[in-house]
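In what follows, a single structure is set out as structure tokens and then discussed.
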Amino acid sequence: MERRGERDCKENVEGRFPLTFWEVAGASAVVGAFVLGLACVYLTMPASDYSFLKLPRSLEDIQILRDHLEDYTSDYTVQVLVGYCIVYIFMQTFMIPGTVFMSLLAGSLFGVFKGVALVVFTATAGASSCYFLSKLIGRPLVSFLWPEQLSFFQAQVSKRRERLLNYMLFLRVTPTLPNTFINVASPMVDVPYHIFFLATFIGLIPAAYVTVRAGIALGELRSVGDLYDFQSIATLFLIGVVSVTPTLMSKNKS
């Protein structure tokens with residue numbers, strides 16, 4: 001069995017593209033649905049120059065988006081919200097980096113409380129979308145890209161079945177594993193969706209608050225690294241330790 005597993009892993013690394021035609025077609029259909037949603041938003045907006053619209057990749061991109069969208073947010077609130085949600089969920093679904101910039105944009109456009117609510121909602125929806133898409137077509141891709149990380153995650157989840165929610169909360173609050181990997185790998189290691197959902201919804205609130213709050217003072221940021229000072233990082237780790245403590249205590253008792 002071990003030799004067979006090694007052979008399959010070697011074939012995945014050296015062989016062909018891991019997804020079948022129908023799996024690629026399914027992912028393409030999801031992309032098409034997002035594009036159709038954005039097209040509907042675009043058609044309901046007034047005629048104007050929208051060349052400034054693009055996926056943000058820097059603080060400068062966020063400032064440009066903020067300066068242009070401020071005028072539309074008050075008059076076309078629904079369209080801006082729907083467009084924001086579609087883009088954020090799309091980026092989460094397909095593991096496109098840059099959602100931290102979208103969180104900053106939420107803070108600069110909607111303020112702290114509305115911004116945090118918006119980011120937590122879209123991040124949870126996007127993570128859920130990624131979870132179900134991965135459940136359908138993700139296993140060969142995850143095994144192809146992250147075989148060692150997947151084995152580690154599988155072992156940790158198996159050891160913490162009784163307190164799995166606490167462990168998943170710990171992962172969400174702290175940077176132990178990337179959120180994108182957690183989203184796509186959770187269905188592969190049999191993390192139930194209700195636990196995945198609760199851990200995502202609750203665990204993302206602290207980081208969302210830090211990022212959204214920073215978006216209000218967008219002009220004062222020099223780099224993305226300024227978002228997380230020592231106090232913010234220490235607070236997140238403290239929350240993570242508190243969330244995982246019941247799991248550690250249960251393990252010691254057993």
Legend entry - Karplus-derived 3J(HN,Hα), 6.51/-1.76/1.60, for each residue of the stretch 82-87, Hz, glycine and proline x: 5, x, 4, 4, 4, 5
Inset, instruction - Roll a 1.4 Å probe over the protein heavy atoms and report the accessible area of Arg163 in Å², nearest 10. - result: 110 Å²
Inset, instruction - Extending each Cα 7 Å along its Cβ direction at Arg57 and Gln149, get the distance between those two points in nm, one decimal. - result: 2.1 nm
Inset, instruction - Order Val116, Val212, most accessible first, counting only protein heavy atoms with a 1.4 angstrom probe. - result: Val116, Val212
Legend entry - HN-Hα J in Hz across the stretch 63-80 - Karplus 6.51, -1.76, 1.60, θ = phi - 60°, x for Gly and Pro: 5, 5, 4, 4, 4, 7, 7, 4, 5, 7, 4, 6, 8, 10, 4, 4, 5, 5
Legend entry - Accessible surface of the stretch 146-210, 1.4 Å probe, proportion on carbon and sulfur as whole %: 63 percent
Legend entry - Rounded percent of accessible protein surface that carbon and sulfur make up, the stretch 75-125, 1.4 Å probe: 74 percent
Inset, instruction - Take the Cα atoms of the stretch 102-154, build their convex hull, and give its volume per residue in Å³. - result: 101 Å³
Inset, instruction - Using packing as a proxy for protection, rank 142-149, 53-60, 178-185 so that the peptide with the highest average count of other Cβ atoms within 10 Å comes first. - result: 178-185, 142-149, 53-60
Inset, instruction - Calculate the length of the line joining the C-alpha centroid of the stretch 190-219 to that of the stretch 126-166, in whole Å. - result: 19 Å
Inset, instruction - Sum up the charges of everything whose Cβ sits under 14 Å from the Cβ of Phe197, counting Lys and Arg as +1 and Asp and Glu as -1, but leave Phe197 out. - result: +2
Inset, instruction - Enter the Cα centre distance for the pair the stretch 87-120 and the stretch 51-77, rounded to the nearest angstrom. - result: 13 Å
Legend entry - Sequence of Phe94, Phe101 from largest to smallest accessible area, 1.4 Å probe: Phe94, Phe101
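The values are calculated or read from the model by the stated rules, or taken from the named source; none is laboratory data. Because the structure is predicted, anything quoted here is derived from the model rather than measured. Please note: Cβ atoms are built from the backbone with ideal geometry, for glycine as well, and neighbour counts cover all protein chains shown. These area figures cover heavy atoms from the full protein model, side chains too; ligands, DNA and RNA do not enter into them. Shrake-Rupley method; radii C 1.70, N 1.55, O 1.52, S 1.80 Å.
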